[in-house]
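Asks: Below is one structure. I have some questions about it.
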């Protein structure tokens, strides 16, 4: 079945540091890939997405590229801010699974001033 | 962007009572909505898939008589926790699937249920 493995946290960074959260996936079909962000006490917000190989999703300075050859979708940001402190979830959905999302475990990121 | 609302955001109830949570897609139609449960510091656990005009599909281990789901329109799904007990206390999150270019789920802000 489909599954997502993401880098375990927690991750603690200083402001303006470079952030990478690794995400790899296993899928039987040709999935769409997502990064969601969750702030304390809130639901999930879609951060970015990609639907086919070599697509790059980007939003708010975050980027991730759909790499079919390495089955990866790593999240990066060049210069983090305190406001980026949150939990980040990598996920995939597949038409063959009725578009149900398979989530990674989530990575807690804390950015210190 | 696509917006999903949930109501209420927080609810406290006594053991044995029932609680209804609403999930609405505000600016798009959603034939499919999903209900999740999230425990502290954990990922989301899919409880059920709600399809407009048909019965919900529950994941293995989720009691369908305990968690009643109704998807009466293209913009509204409800989750009713029946005869709630303290172990039902959790953060419940819904999502709505936007059919179209990218088949993306948009999430509501969540409902914190506390059963005393």
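Each value in this text was obtained by applying a stated rule to the coordinates, not by laboratory testing. Keep in mind that what you see is a predicted model, and the values were worked out from it rather than measured. Cβ sites come from the backbone with ideal geometry, for glycine too, and all protein chains shown count toward neighbours.
Asks: Please give, to one decimal in nm, the separation of the simple spin-label points placed at residue A:3 and residue B:68, each 7 Å out from Cα toward the Cβ.
Replies: A separation of 3.8 nm, rounded to one decimal place.
Asks: Under the definition of partner shielding as Cβ atoms of other protein chains within 10 Å of a residue Cβ, what is the mean value for peptide B:40-47? Display every interim value, and only then the final one.
Replies: On the way: counts 0, 5, 3, 11, 9, 1, 4, 0.
For this peptide, the per-residue mean of nearby foreign Cβ atoms is 4.
Asks: Next question. Do you know the relative contact order of segment A:37-93, to the nearest whole percent, from alpha carbon pairs under 8 angstrom that are 6+ apart? Please list the in-between numbers first.
Replies: Working: 74 pairs, mean separation 17.0, N = 57.
Across segment A:37-93, relative contact order equals 30 percent.
Asks: Can you give me the P(r) profile for the protein assembly as shown? Cα pairs, bins 5 angstrom wide beginning at 0, each as a whole percent.
Replies: 1, 7, 14, 18, 19, 16, 12, 8, 4, 1, 0
Asks: Also, I was wondering about something else. Estimate the FRET efficiency between residue B:13 and residue A:39 by the formula 1/(1 + (r/R0)^6), using the beta-carbon distance for r and 30 Å for R0, to the nearest 0.05.
Replies: Working: r = 26 Å, r/R0 = 0.86.
That gives a FRET efficiency of 0.70.
Asks: Using a Debye calculation, one point per C-alpha and no hydration shell, please list log10 I(q)/I(0) for segment A:1-90 at q = 0.21 Å⁻¹ in order.
Replies: Each listed q corresponds, in turn, to -1.05.
Asks: Moving on. What average number of partner chain Cβ atoms lie no more than 10 Å from the Cβ of the residues making up B:105-116? Intermediate results must be reported in sequence, preceding the final value.
Replies: Values: counts 9, 5, 8, 3, 5, 5, 1, 1, 0, 0, 0, 0.
Averaged over the peptide's residues, the number is 3.
Asks: Going by how many other Cβ atoms sit within 10 Å of their own, how do A:89, A:18 line up, fewest first?
Replies: Details: A:89 24, A:18 10.
In increasing order of surrounding Cβ atoms, one gets A:18, A:89.
Asks: Quick one: order B:106, A:30, B:58 by neighbouring beta-carbon count within 10 Å, fewest to most. List each step's numbers first, then the result.
Replies: Details: B:106 24, A:30 12, B:58 18.
Ordered by Cβ neighbours within 10 Å, fewest first: A:30, B:58, B:106.
Asks: Could you estimate the translational diffusion coefficient of chain B from the Stokes-Einstein equation, with Rh from the Kirkwood formula over C-alpha pairs, at 4 °C and 1.567 mPa s, in whole µm²/s? Spell out each step's value before the answer.
Replies: Details: Rh = 14.1 Å.
D, rounded to a whole number, is 92 µm²/s.
Asks: Within 10 Å of each Cβ in A:32-42, how many Cβ atoms from other chains are there, averaged over the peptide? Could you put the intermediate results ahead of the total?
Replies: Working: counts 3, 0, 3, 0, 5, 0, 6, 0, 0, 6, 7.
Average per residue, whole number: 3.
Asks: Given a cut-off of under 8 Å on Cα pairs at least six residues apart, what relative contact order in percent is computed for chain A? Before the final figure, lay out each step's value.
Replies: Values: 299 pairs, mean separation 41.4, N = 113.
Relative contact order comes out at 37 percent.
Asks: While we're on this one: With the contact rule set at Cα under 8 Å and sequence spacing of 6 or more, what percent relative contact order holds for chain B? Write out the running numbers ahead of the final one.
Replies: Details: 292 pairs, mean separation 41.9, N = 116.
Computed over chain B, the figure is 36 percent.
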